[in-house]
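Down below is the structure, laid out as structure tokens.
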Amino acid sequence: MTSSINPEREWKVGSDMRVRKAKTEDLDAVKSLADANRTALGFVLRPSLAISIQKGWLLVAEQNGRIIGFIHYRHRKDAQTTVYQICVDQPWRGQGIGRTLMQTLLKESASMGQTAVRLKTPADIPANRFYKALGFQLINTEPGRFRPINVWEIRLEK
């Protein structure tokens, strides 16, 4: 998959899929996708998504006008970017969409001078293999409220 970046903060991937900053009108679709994946993501608050859209901290993958994935994050003042959730709709998994969302975020973070991207995920879900394959390092496992939580980090080149 090749991608190209344009100044409107939209990244075209292939012929009919694009990654772009989320807009207010994407909120319902992103929330529905998050709710459909509550077991892996936990409960994602609608106001949190709305604030992140306003701040530019939510990317969506779109196929023919339909939201098929998203990555929700925050660029912190301490030069670290925190990923809160990344999700791809079930029929679209395994096609590089999650990888494209994460790579887009890594590029954005590096261009802003961030030094690391960090995330937490339950230790018992398949997403851990995904993060390892992307180059993230497992830096800790915490007890978590209901199950162990892995802490992953990738350092960024300036």
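Annotations
- Residue list for region 121-132, restricted to those being within 17 Å of the chain's Cα centre (by Cα), surrounded by fewer than 17 Cβ atoms within 10 Å (Cβ to Cβ) and either in contact (Cβ under 8 Å) with a residue 40 or more places away in the chain or more than 20 Å from I68 (Cβ to Cβ) (or both): I125, N128, R129, K132
- Some residue of region 90-106 being surrounded by 15 or more Cβ atoms within 10 Å (Cβ to Cβ), farther than 17 Å from V19 by Cα, more than 10 Å from the chain's Cα centre (by Cα) and not charged (D, E, K, R): no
- Note on region 1-45: residues that are in a helix (DSSP H, G or I), of a type in the set (A, V, I, L, M, F, W, C) and either at pLDDT 80 or above or surrounded by fewer than 19 Cβ atoms within 10 Å (Cβ to Cβ) (or both) total 7.
- Scanning region 39-54 for residues that are of a type outside the set (A, V, I, L, M) and more than 15 Å from the chain's Cα centre (by Cα) returns T39, F43, R46, P47, Q54.
- Summed over region 144-158, the residues that are surrounded by fewer than 15 Cβ atoms within 10 Å (Cβ to Cβ) and under 17 Å from the mean Cα position of the chain (by Cα) give a count of 1.
- Tally, over region 56-108, of residues that are in a strand (DSSP E or B) and not acidic (D, E): 24
The values are calculated or read from the model by the stated rules, or taken from the named source; none is laboratory data. Note that the structure is predicted; figures quoted are calculated from it, not measured. Cβ atoms come from the backbone with ideal geometry, glycine included; neighbour counts cover every protein chain shown.
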